[in-house]
Amino acid sequence: MYLENINSPKDIKGFDKEKLYALSGEIREALLEKLSKTGGHVGPNLGMVELTVALHYVFNSPVDKFVFDVSHQCYTHKILTGRKAGFLDEKHYKDFSGYTNPDESEHDFFKVGHTSTSLSIACGLAKARDLKKEDFNVIAIIGDGSLSGGEALEGLDNIIEQGSNTIVIVNDNEMSIAENYGGIYGNLALLRKTEGKAELNMFKALGFDYAYIKDGHSYEEIIPVLESAKDSKKPIVIHIHTIKGKGYKFAEKDKERWHYNGPFDIETGKAIYDFSGEKDFSSLTCEYLLEEMKKNKELVVVTAGTPTVMGFTKEKRELAGEQFVDVGIAEEHAVAFSSGVGKGGCKAVFGVYSTFLQRTYDQIFHDLCINNNPALMIVFAASIYGMNDVTHTGLYDISLLSSIPNLVHLAPTSLEEYMEMLDWGVKQNKHPVVIRVPAMLVESGLEDKTNYYDLNKYEMVEKGREVALLGLGTFFGLAQDVAKKLKEEKGIKATIINPKFISGLDEEMLNSLKKEHKVVITIEDGVLDGGFGEKISRFLGDSNLYVKNYGIKKGFLDRYDVNEVLKENKITLDDICEDVLKLLEK
């Protein structure tokens with residue numbers, strides 16, 4: 001075993017090629033062993049083993065600075081930089097983030113989890129180095145899928161303008177999360193076909209020096225190219241062809257499925273937990289949209305590199321044909337594109353994770369909402385129960401979106417409400433609309449008879465006195481539980497309100513609460529600052545009502561325990577009931 005003796009990159013400097021290959025094999029075994037138990041980004045990391053080992057073999061980290069795009073492919077880097085326990089010892093599997101993190105190691109420089117950012121960040125590092133008259137290499141490692149993002153192209157453009165040492169490693173595995181889309185991929189394919197010799201070369205056209213590595217898993221090919229690029233005085237692109245999922249037959253065969261996977265059996269590749277028979281919002285959304293696309297040839301579904309967020313697996317994409325558009329990992333373009341589709345008299349439905357919607361604020365505000373074009377955005381994992389790495393949390397979309405004029409922002413509480421909102425959002429042509437998908441699939445058994453054309457009309461589910469509970473989206477069930485506890489234990493019949501509309505106020509209903517109520521409670525699955533509750537507090541601020549908002553305190557949460565966060569923010573049944581009783585005593 002070589003791996004057990006590796007504690008820093010310097011420990012591999014004297015290795016010959018035979019030892020490097022043996023080490024790579026050990027790293028792959030360690031990755032598979034851990035990922036089979038914890039889940040994670042399988043394909044990207046298996047495909048990066050030799051390249052990462054070679055980078056640490058040739059360069060001098062942390063003096064030379066590596067910037068991993070997205071950084072979901074940094075597991076081998078972590079193993080080589082003092083964090084191997086997180087991959088070799090099951091007791092330490094959760095000790096380290098799945099992304100680069102400066103809090104963990106001097107070899108990491110940024111907390112990043114979104115795509116297409118590495119080139120701009122590296123450009124900034126190089127500028128600071130040049131201003132300080134320092135001398136080291138800046139290396140940006142970016143996948144071909146990430147090149148579809150506009151920021152990546154901006155970064156390439158400005159690296160050339162800067163003109164000093166920046167080494168861009170383009171890890172070309174012919175994949176994004178799913179297949180690649182966009183004009184640049186034709187040129188990458190041509191460069192692969194000609195082994196980098198094609199006269200048509202977009203990197204050279206921009207002004208980069210260029211080198212091609214045909215076999216990205218061969219140290220005989222990788223190391224000499226990296227050594228020749230080391231300490232370069234001008235920007236260079238090293239275009240390396242790798243295999244996503246390298247060394248694990250299931251991941252090599254089905255690259256899309258194995259981009260990210262839950263726990264699995266190594267021998268069979270089968271998932272430990274099988275959710276295939278369960279209903280979920282993604283597959284139900286896909287079923288609905290496919291049926292609507294059959295009826296309406298002017299309906300187009302849009303994704304920014306994450307097609308299965310709306311259930312569009314490869315076979316579903318093929319069924320949709322030209323009515324399905326993957327713009328690549330370019331959320332900004334997806335929103336502006338959707339606005340253009342709407343202006344052209346058709347309808348676009350853009351499905352996206354909440355964390356990635358953060359990238360689109362200007363396009364939503366400017367290109368979509370100022371123009372008031374009809375488009376539908378469906379936002380997934382917008383919850384404390386969603387993804388929980390600090391770079392992927394989905395807690396800020398309410399604050400981000402709900403104050404933008406013209407935007408109709410909806411929060412369903414059940415499957416029935418979601419499907420009604422989805423149907424309305426697809427068929428209406430007056431507004432840009434966002435639906436915040438609930439964290440849990442709850443079936444109420446009740447038909448949703450809401451007329452969503454009549455904007456900002458809340459639903460009073462139960463009329464009571466003294467206390468009014470507004471439970472938004474996912475937390476509507478908690479509001480119902482609070483009402484039940486108050487009634488059973490204190491004989492207080494509370495008013496229960498399902499707002500449904502995040503972006504507007506039902507002024508008539510809110511004013512009616514002033515007559516027979518003393519306390520108004522709002523509960524939302526997002527941050528308090530700029531949230532839904534603040535709108536209610538502001539509107540009722542000049543009344544005699546006590547208004548208390550429950551939500552998440554503003555901050556960067558990282559790999560948190562949901563129940564601990566809820567308890568810290570007093571978003572529990574007992575805490576809310578206790579606060580209500582204290583307010584009633586005032």
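The values are calculated or read from the model by the stated rules, or taken from the named source; none is laboratory data. Everything quoted here is computed from the prediction, not taken from an experiment. Positions of Cβ are generated from backbone atoms using ideal geometry, with glycine treated the same way; all protein chains shown enter the neighbour counts.
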Legend entry - Number of the condition not met by LYS244 [criteria: (1) touching a residue at least 24 places away in the same chain (Cβ under 8 Å); (2) over 21 Å from GLY143 (Cβ atoms)]: (2)
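Looking for whichever is farther than 23 Å from LEU455 by Cβ, assigned by TED's automatic domain parsing to the domain that holds PHE476, within 34 Å of the chain's Cα centre (by Cα) and at pLDDT 95 or above here; the options are VAL547, VAL565, VAL580. Which one fits?
Working: VAL547 fails: farther than 23 Å from LEU455 by Cβ; VAL580 fails: within 34 Å of the chain's Cα centre (by Cα).
Unique residue meeting the criteria: VAL565.
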Inset, instruction - Select from the stretch 212-242 the residues that are among the hydrophobic types (A, V, I, L, M, F, W, C) and more than 32 Å from the chain's Cα centre (by Cα) and write down the one among them that is farthest from PHE15 (Cα to Cα). - result: ALA229
Inset, instruction - Determine if the stretch 479-486 includes at least one residue that is of a type in the set (Asp, Glu), surrounded by 14 or more Cβ atoms within 10 Å (Cβ to Cβ) and in contact (Cβ under 8 Å) with a residue 40 or more places away in the chain. - result: yes
Legend entry - Every residue from the stretch 206-229 that is surrounded by fewer than 16 Cβ atoms within 10 Å (Cβ to Cβ), more than 15 Å from THR242 (Cβ to Cβ) and among the hydroxyl-bearing types (Ser, Thr, Tyr): SER228
Inset, instruction - Of the numbered conditions (1) modelled with pLDDT under 95; (2) buried (at least 19 other Cβ atoms within 10 Å of the Cβ), LYS270 fails exactly one; give the number of that condition. - result: (2)
Legend entry - Conditions (1) touching a strand residue (DSSP E or B) at 6+ places or on another chain (Cβ under 9 Å); (2) surrounded by 20 or more Cβ atoms within 10 Å (Cβ to Cβ); (3) not polar (S, T, N, Q); number of the one not met by GLY245: (1)
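Of these, LYS91, LYS19, LYS78, which one is surrounded by 15 or more Cβ atoms within 10 Å (Cβ to Cβ), part of a helix (DSSP H, G or I) and among the basic types (Lys, Arg)? Spell out the reasoning first.
On the way: LYS91 fails: surrounded by 15 or more Cβ atoms within 10 Å (Cβ to Cβ); LYS19 fails: surrounded by 15 or more Cβ atoms within 10 Å (Cβ to Cβ).
None of the others qualify; the one that does is LYS78.
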Legend entry - Only listed residue being in contact with a Ser or Thr (Cβ under 6 Å, 6 or more places away or on another chain), small (Gly, Ala, Ser) and surrounded by 15 or more Cβ atoms within 10 Å (Cβ to Cβ), chosen from GLY47, GLY43, GLY39: GLY47
Legend entry - Selection from the stretch 288-331 of residues that are buried (at least 19 other Cβ atoms within 10 Å of the Cβ), part of a loop (DSSP other than H, G, I, E, B) and among the polar types (S, T, N, Q): THR306
Legend entry - VAL442, sole failed condition from (1) surrounded by 18 or more Cβ atoms within 10 Å (Cβ to Cβ); (2) under 24 Å from the mean Cα position of the chain (by Cα); (3) among the β-branched types (Val, Ile, Thr): (1)
Inset, instruction - Identify all residues within the stretch 363-382 that are over 20 Å from PRO307 (Cα atoms) and outside any helix (DSSP H, G or I); write none if there are none. - result: ASN371, ASN372, ASN373, PRO374
